[in-house]
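The values are calculated or read from the model by the stated rules, or taken from the named source; none is laboratory data. All values reported here derive from a predicted model rather than from experimental measurement. Methodologically, a virtual Cβ is constructed for each residue, glycine included, from the backbone with ideal geometry; neighbour enumeration extends over all protein chains shown.
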Amino acid sequence: MQRSPKSTETVYLLSKESFRLGNRRLVWGCNNLNARSHRAAQRFGFRFEGVSRQGLVGKGRNIDEA
């Protein structure tokens, strides 16, 4: 999903509903090499906490997840 009003609204509504249901924390996970996803997470208020080495599997290989 690219940067657009629809994507911003989607993240806002999902976050709002998640907290309404009693969750205290949301996690944004992405490929560690995906700079656009990192920036999007920061725009939405997420904070970087670390890298999970080989946390994702994509196209038959392990990917570091941030």
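General observations
- Cross-chain or 6+ apart pairs with Cβ under 6 Å, the stretch 42-56 first and within 12 Å of Trp28 (Cα to Cα), then β-branched (Val, Ile, Thr) and surrounded by 12 or more Cβ atoms within 10 Å (Cβ to Cβ): Phe44/Val11
- Criterion: modelled with pLDDT of 90 or more, closer than 23 Å to Ser4 by Cβ, surrounded by 11 or more Cβ atoms within 10 Å (Cβ to Cβ) and among the aliphatic types (A, V, I, L, M) - qualifying residue of Ala35, Ala66, Ala41: Ala41
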